[in-house]
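The values are calculated or read from the model by the stated rules, or taken from the named source; none is laboratory data. Quantities reported herein were computed from a predicted structural model and do not represent experimental measurements. Glycine also receives a Cβ, built like all others from the backbone with ideal geometry; neighbour counts cover every protein chain displayed. Note: accessible area is taken over every heavy atom of the protein model, side chains too, but ligands, DNA and RNA are not part of it. Shrake-Rupley method; radii C 1.70, N 1.55, O 1.52, S 1.80 Å.
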Amino acid sequence: MIRRLLSRPVVVIATATSVALVPAWVAASPRQPDKPAHSASSARPWQAYNYSPSSRTVAPTAIHSTVGDVSRPSAVLKHRTTRISGAGSAVTVDFGKEVGGIVSLDFTGSSGPQQVGLAFSESSMYVGTSSDASTGGPRSRDGSLIADVDGRTRYRMPQAYQRGGFRYLTIYLESGGHVDLDKISLHFTAAPAMKKLDDYANYFYSSDDLLNRIWYAGAYTTQLNTIDPKSGRIWEPPATLWDNTGDVGVGDTILVDGAKRDRTVWPGDLGIQIPAAYAAFNDTTSARNALTTIYQEQRPTGELPYAGPELDKWGSDTYHLWTLAATYDYMLYTDDTAWLRDHWSAYRSAIDFSRAKMSQNGLLSITGTSDSVRILAKGENLIANVLLWRSLDKGATLARSIGDDATARTYASQAGSLRTAINDRLWDRAAGAYTFYPDSTIHPQDGNSLAVWYGMTDADQARTISQELKGNWSPIASTAPENKGNPGVFSGSMEVNAHFAAGNPEADQAGVDIIRRQWGYMLDHPAGTKSTFWESYRNGEDCVFCSTYVSLAHGWAAGPTPALTSYVLGLEPTTAGGDAWSFVPHTADLTFAQGRITTTHGAVTAGWSVRKGTYRATVSAPRRTTGTAGVPTFGRRVTVKVDGRTVWDGRRAKASGVSLEDGYVRVSGLTAGKHSIVSSAARR
């Protein structure tokens, strides 16, 4: 069976949050989310944080700006007439959040035949009569669509020109004369397999409004990155405009890296997207289709692509291994052994491809140097070796799950040897972190974070790495020394999970603090979408993105969503398909959290609160599952009751399957049904 290590302990500590270090407009931003069109029931307060539309028909919510002669600009928002007169006159409407799909315009009349332009932008910084960039070609902007209007006219964008991600739509008059516009609507095309876009399989809700907003923004980012595989980006780039009719994979729903672009399967992004899609929607079908697509592209050498079709890029030893890492995540959530058997020879061939590059020092020495945000140097690179260790370590688990015991033994032995070599060659004892390469003085964010998150480190290493990573924080981000100190977004998603996985009180608080600092910055920045997380950004306020090509709804930025579910709430499956689960909260400075995950047997719902020294929790699980609860001791002697029965009296277990471990009272063997847990200070 596929198992994940239980989380390590957490205690509540008094730590200043990062608000004082962020720009004033962030600290002063509203704590409540932008309310969706639908209202939240008092029984489901978390719905107030849900950014997904309740219908696939979406309308703009505000007027951003006008240029030239525009009469009654806000009238169109109420299906009344807005007149645009004179060449170059324009009205820009604001959908209030990132959206994606096909726009329709209704005109009640015009002064003869006219031409009306449509231009799209994710950021207010790039609003204008030319769309921001998405094609990957030499043009810095995509241009605009032109609609022919002659009297009463209904215009609907052609399917090829659907815009996967935008917040602002500029409608301008290309010709002279005037047009009368009375309706703007969008057919929302993301998440094509979801029948009700805002009805998530799972949820998260806590005492911190900002964390709630961030969880749902990460979910919404992932949802926008879930597309019909026949609506990906065409490659090579078209000479004019853009074309989103590319065939980028199998099935009818698939995970791609960005809503606006690239609309292509990138294996690295799947390392964040698959856990995020599971945490929010229990969507494993899109994950399976993405992985199947990548495996179908495998070369006879065993090499897996850097990016899937239509980009069809090659030459990345790290992204080759990300496919294998993501394979384990998919299997953890599904126990889809039939799929694994179909792809097991491909997995083994991919391992052989990487192991053929082992150096005499026992490390993977990369030659395929393409990576996430830069070209790597050839040689014994940290993150590549961590990914190979993960692929061997979890590959052994996968092998056992389908009865390939010989391969399981081989992979387990190779994983042990590789871990020893990584520690011998790359561990910097003085810094308490791993180096980028054996002769490097850089301690990279990505590789160190992944080593902790994936469980390659021991407890002391995890603790010191968490401390070292905190030393790289800027007022607005966790930064990546391996990328010139720029904010790490993909690697930041890894870091968030790493702090919680480190499992000590300071690290748990660091995880919460950096989510608030970095993802709060992205969510509330006035140049952003107020609903999704970005591919990248810069440290300087004068140049936030520095390019119209940067994606503002990018899957690799959704790391806090699974982290808040798995660690802060504390719910995660621990065997394939969720036959077994764990409920081990990392409370940090929160006072309550509740939420749900969905297993192959049904939903596991849990919640906890800490008030006046008493910890209370409930958990409800479906039939044919068993669970383990971790009850935090907060550094004290505590008594623990489960369903009214004392199972720990402050010194010893009073029931079987109960133990004190790393700051938690562990209660194993919880059966299906609902359980209550109460813990308070033991009497002296």
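Going by what's in this entry, would Asp180 be described as in contact (Cβ under 8 Å) with a residue 24 or more places away in the chain, touching a Lys or Arg at 6+ places or on another chain (Cβ under 7 Å) and more than 28 Å from Ala557 (Cα to Cα)? Yes, satisfied.
May I ask you to verify whether Thr108 is surrounded by fewer than 18 Cβ atoms within 10 Å (Cβ to Cβ), assigned to a strand (DSSP E or B) and hydroxyl-bearing (Ser, Thr, Tyr)? The answer is yes for Thr108. Please work out which residue is surrounded by the most Cβ atoms within 10 Å (Cβ to Cβ), limiting yourself to the range 272-299 and to residues that are of a type in the set (Val, Ile, Thr) and under 15 Å from Val248 (Cβ atoms). Of everything passing the filter in the range 272-299, Ile294 is surrounded by the most Cβ atoms within 10 Å (Cβ to Cβ).
Out of curiosity, is Arg516 open to solvent by 10 Å² or more (accessible area, probe 1.4 Å) and touching a Pro at 6+ places or on another chain (Cβ under 9 Å)? So Arg516 does not fit the description; no.
Considering only residues in the range 641-664 that are more than 24 Å from Asn504 (Cα to Cα) and small (Gly, Ala, Ser), the one that is least open to solvent (accessible area, probe 1.4 Å) turns out to be Ala655. Looking at this structure, is Tyr306 open to solvent by 10 Å² or more (accessible area, probe 1.4 Å), within 21 Å of the chain's Cα centre (by Cα), within 22 Å of Gly368 (Cα to Cα) and hydroxyl-bearing (Ser, Thr, Tyr)? Here the answer is yes, as Tyr306 does meet what is asked. Cβ-Cβ contacts under 9 Å between residues 6 or more apart (or on different chains), taken from a first residue in the range 227-252 that is under 18 Å from Ser131 (Cα atoms) to a second residue that is buried (at least 17 other Cβ atoms within 10 Å of the Cβ) and of a type in the set (Phe, Trp, Tyr), are listed as Arg233/Trp242; Ile234/Trp242; Leu241/Tyr161; Trp242/Tyr161; Asp243/Tyr161; Asn244/Tyr161.
The set of residues from the range 491-505 being open to solvent by 10 Å² or more (accessible area, probe 1.4 Å) and modelled with pLDDT of 95 or more comprises Ser491, Ala501.
With respect to (1) within 22 Å of Met331 (Cβ to Cβ); (2) in contact (Cβ under 8 Å) with a residue 60 or more places away in the chain, the lone exception for Trp581 is condition (2). Filtered by the rule that a residue be open to solvent by less than 20 Å² (accessible area, probe 1.4 Å) and either under 17 Å from Pro573 (Cα atoms) or not in a strand (DSSP E or B) (or both), the range 310-323 gives Leu311, Asp317, Thr318, Tyr319, His320, Leu321, Trp322, Thr323.
In the range 257-297, what residues are farther than 15 Å from Glu310 by Cα, assigned to a helix (DSSP H, G or I) and of a type in the set (Gly, Ala, Ser)? Within the range 257-297, Gly268, Gly271, Ala276, Ala277, Ala279, Ala280, Ser286, Ala287 meet the criteria. Kindly indicate whether Ala326 is of a type in the set (Gly, Ala, Ser), crowded, with 17+ Cβ neighbours inside 10 Å and in a helix (DSSP H, G or I). Here the answer is yes, as Ala326 does meet what is asked.
For the range 400-423, which positions are aliphatic (A, V, I, L, M), assigned to a helix (DSSP H, G or I) and under 24 Å from Asp335 (Cα atoms)? Scanning the range 400-423 gives Ala406, Ala408, Ala412, Ala415.
The numbered conditions (1) open to solvent by less than 40 Å² (accessible area, probe 1.4 Å); (2) assigned to a strand (DSSP E or B); (3) among the charged types (D, E, K, R) are all true for Lys183 except (1). Of the residues contained in the range 533-542, one or more are found to be over 19 Å from Ser493 (Cα atoms) and either small (Gly, Ala, Ser) or at pLDDT 95 or above (or both). Every condition in (1) open to solvent by less than 10 Å² (accessible area, probe 1.4 Å); (2) more than 26 Å from Gln594 (Cα to Cα); (3) of a type in the set (Gly, Ala, Ser) is met by Ala338 except one, and the failing one is (1). Out of the residues in the range 539-565 that are within 12 Å of Met125 (Cβ to Cβ) and not hydroxyl-bearing (Ser, Thr, Tyr), state the one that is most open to solvent (accessible area, probe 1.4 Å). The extreme case among them is Asp542.
Of the strands (runs of 3 or more DSSP E) entirely within the range 126-174, those holding at least 2 residues that are open to solvent by less than 10 Å² (accessible area, probe 1.4 Å) and touching a residue at least 24 places away in the same chain (Cβ under 8 Å) occupy 145-149, 163-173. Scanning the range 359-377 for residues that are over 20 Å from Leu450 (Cα atoms) and either out of contact with any helix residue (DSSP H, G or I) (no Cβ under 8 Å at 6 or more places or on another chain) or at pLDDT below 95 (or both) yields Ser359, Gln360.
Would you kindly identify the helices (runs of 4 or more DSSP H) lying entirely within the range 432-525 that contain at least 1 residues that are of a type in the set (Lys, Arg)? Correct list: 459-470.
Scanning the range 636-662 for residues that are in a strand (DSSP E or B) and among the aliphatic types (A, V, I, L, M) turns up Val638, Val640, Val642, Val647, Ala653, Val658, Leu660. One residue stands out among those in the range 407-419 that are closer than 13 Å to Leu364 by Cα and in contact (Cβ under 8 Å) with a residue 40 or more places away in the chain: the one that is most open to solvent (accessible area, probe 1.4 Å), which is Ser417.
Listed here are the residues, each with its yes/no results for (1) modelled with pLDDT under 95; (2) within 19 Å of the chain's Cα centre (by Cα); (3) farther than 20 Å from Trp322 by Cβ.
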| site | (1), (2), (3) |
| --- | --- |
| Leu211 | no, yes, yes |
| Ala219 | no, yes, yes |
| Asn225 | no, yes, no |
| Glu236 | no, no, yes |
| Leu241 | no, no, yes |
| Thr245 | no, no, yes |
| Val248 | no, no, no |
| Asp252 | no, no, yes |
| Lys260 | no, yes, yes |
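Under the condition of being in a loop (DSSP other than H, G, I, E, B) and buried (at least 24 other Cβ atoms within 10 Å of the Cβ), the residues counted in the range 240-256 number 5. Taking (1) outside any strand (DSSP E or B); (2) buried (at least 19 other Cβ atoms within 10 Å of the Cβ); (3) not charged (D, E, K, R) in turn, Ala75 satisfies each apart from (2). The residues on offer are Pro305, Pro300, and the sole one that is over 21 Å from Pro444 (Cα atoms), outside any helix (DSSP H, G or I) and without any contact (Cβ under 8 Å) to a residue 12 or more places away in the chain is Pro300. Of everything listed in (1) open to solvent by less than 10 Å² (accessible area, probe 1.4 Å); (2) more than 30 Å from Thr529 (Cα to Cα); (3) of a type outside the set (D, E, K, R); (4) within 23 Å of the chain's Cα centre (by Cα), the single unmet condition for Ala588 is (2). Summed over the range 352-392, residues that are open to solvent by 20 Å² or more (accessible area, probe 1.4 Å), of a type in the set (Ser, Thr, Tyr) and either touching a Ser or Thr at 6+ places or on another chain (Cβ under 7 Å) or under 20 Å from Thr301 (Cβ atoms) (or both) total 5.
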